[in-house]
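> Okay, handing you the structure first.
The values are calculated or read from the model by the stated rules, or taken from the named source; none is laboratory data. The structure presented is a predicted model; accordingly, all values stated were derived computationally and were not measured. Cβ atoms come from the backbone with ideal geometry, glycine included; neighbour counts cover every protein chain shown. For the accessible areas, the whole protein counts, side chains as well, though only heavy atoms, and no ligand, DNA or RNA atoms are used. Shrake-Rupley method; radii C 1.70, N 1.55, O 1.52, S 1.80 Å.
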Amino acid sequence: MDSRNGPEAPQESNVKSFFNSAPPLRDGDLICNKLKEFMDRISLSSENGSPVRVVCVTSGGTTVPLEQRCVRYIDNFSSGHRGAASTEYFVKAGYAVIFVYRRGSCQPYCRYLPQDSFLEFFDLTEDSTIQVCQSHATMVKKAIRDYRKAVEEGLLLKIPFTTIFEYLQILQMVAKSMSWTATRGMFYLAAAVSDFYVPWESMAEHKIQSAAGPLDMRLTQVPKMLSVLRKEWAPSAFCISFKLETDPGILLQKADMAMRKYGMHVVVANELATYKEEVIIVTKGRRTAVRRHNKETDLEEQLVYLLDEMHYEYIKQGGA
Ligand code: PAZ
């Protein structure tokens, strides 16, 4: 039912109550200014004579806090590797990228730097200056050059999130700031987003105490924001969501359903056991498997290449 003429549909009121009860972003004004600056610059640039395409890449898992002064939280599986790698290939393809990432997750152009043995990358010279070990120098030089180029050309904006509350508020801000891009906008939603959460107003303020015995907790369903994104926030953008399952028997059926139910243009289906080696691109009436060629290549390179072509077609046809 149309809310202008009668009571709100349940989904609509769930979306409202999610945003009304979410703690406001601490750095909301800063994000808003950064987005404005980024978009102003991009709107003046061109890509081979045509206006630049813009993609919002989401990456990493959202957390669900269990306490307002959070000590414990539920997390979602995602290292952020897919989003980081894809960002590099989108920049290479000429897109301006807004990289919305989980704090501490994998970053574009830093994917090869070891996180656990970072110091092994460096040598101390006799005069105590620090230099990158010769064995890694080529890789680091390339990463620095590519990163600087992306930043200097104004093609990369990074915005961090941690909780589901932050993620959805940021996604909404980004979507609204991209409205001027119309069909030239793309959403590539690789983040692993919580399906359930504890509403802020019903959350314990302080650390939950174990002395009270076993913990019973009721989680509320996170409203399905993909359909809100498609219908309200960015109706002309090209939208790609990801579907991860552990049971191969239901994966494609769930991907088809996500496409129909939320109006996605593409759903990228992957299975936990093989997601680094294979994904299936699901579109209306078509399934295309994308496999990693070997350990030296990224599956994301082929994936981004195919999505870039599909987006180009979408723009040519005026969106649909
Ligand atoms: O971040 P990562 O490279 O470790 O993993 C990527 C992924 C499996 C989280 C992504 O491909 C994906 O499927 N994201 C959506 C997950 C979901 O169904 O919520």
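> Work out from phi, with θ = phi - 60° and the Karplus expression 6.51 cos²θ - 1.76 cosθ + 1.60, the ³J(HN,Hα) of each residue of segment 237-243, listed in order in whole Hz, and give x for Gly and Pro.
Result, rounded to whole Hz: 6, 8, 10, 10, 10, 10, 10.
> Hey, what D do you get for segment 172-317 in µm²/s if you plug the Kirkwood alpha-carbon radius into Stokes-Einstein at 37 °C and 0.692 mPa s?
The Stokes-Einstein estimate is 188 µm²/s.
> First check a/c for segment 40-79, with a ≥ b ≥ c the square roots of the eigenvalues of its C-alpha gyration tensor; if it is under 1.5, answer rounded, and if not, answer prolate when a/b is larger than b/c or oblate otherwise.
The shape class here is prolate.
> Also, I was wondering about something else. Residues with amide H under 5 Å of Thr63's amide H, sequence separation 5 or more or different chain, H placed in the peptide plane at 1.01 Å from N; which?
Under 5 Å from the amide H of Thr63 lie the amide H atoms of Thr163, Ile164, each far enough along the sequence or on another chain.
> To continue, here is another question. Compute the orientation-averaged projected area for segment 142-231 from the convex hull of its Cα atoms and round it to one decimal in nm².
Taking a quarter of the hull surface, the average projection is 9.7 nm².
> Can you list the HN-Hα couplings for segment 223-232, worked out from phi with the Karplus curve (6.51, -1.76, 1.60; θ = phi - 60°), rounded to whole Hz and with x for Gly and Pro?
3J(HN,Hα) across segment 223-232, in whole Hz: x, 6, 6, 4, 6, 5, 4, 5, 7, 10.
> Here's a follow-up. Calculate what fraction, in whole %, of the accessible area of segment 182-268 sits on carbon and sulfur atoms when a 1.4 Å probe is rolled over the protein chains.
51
> So, one more: Using only the alpha-carbon atoms of the chain, report the extent along each of the three principal axes, biggest first, to the nearest angstrom.
Principal axes ranked by extent give 70, 60, 44 Å for the Cα atoms.
> Which one, His136, Ala273, Cys70, is farthest towards the positive end of the dipole of the chain when Lys and Arg carry +1 and Asp and Glu -1 on their Cβ?
Of the options given, the answer is Ala273.
> Over the chain, with the other protein chains present, what is the accessible area per residue in square angstrom, probe 1.4 angstrom?
56
> Continuing with this model, one more query. State the answer as a single residue: which of Gly61, Leu303, Ala9 lies farthest towards the positive end of the charge dipole of the chain, with beta carbon charges of +1 for Lys and Arg and -1 for Asp and Glu, about the Cα centre.
My answer, from the dipole projection, is Ala9.
> Still on this structure: Please report, as a whole percent, how much of the solvent-accessible surface of segment 13-99 comes from carbon and sulfur atoms (probe radius 1.4 Å).
Carbon-and-sulfur percentage of accessible area, whole number: 50.
> Give me a comma-separated list of calculated 3J(HN,Hα) values for segment 196-212, in order, Karplus coefficients 6.51, -1.76, 1.60 applied at θ = phi - 60°, integers in Hz, x for any Gly or Pro.
After applying 6.51 cos²θ - 1.76 cosθ + 1.60, I find 10, 8, 9, x, 3, 6, 9, 8, 4, 6, 9, 3, 5, 8, 7, 4, 6 Hz.
> Given the rule -39500 (n - 2.57) for each run of at least 4 DSSP H residues, summed and divided by the residues of the chain, what is its mean residue ellipticity at 222 nm, to the nearest 500 deg cm²/dmol?
Calculated at 222 nm, the ellipticity per residue is -11000 deg cm²/dmol.
> Additional query: Using a simple charge model, +1 on the beta-carbon of Lys and Arg, -1 on the beta-carbon of Asp and Glu, nothing else, what dipole does segment 1-158 show about its Cα centre, in debye to the nearest 20?
Its charge dipole is roughly 280 debye.
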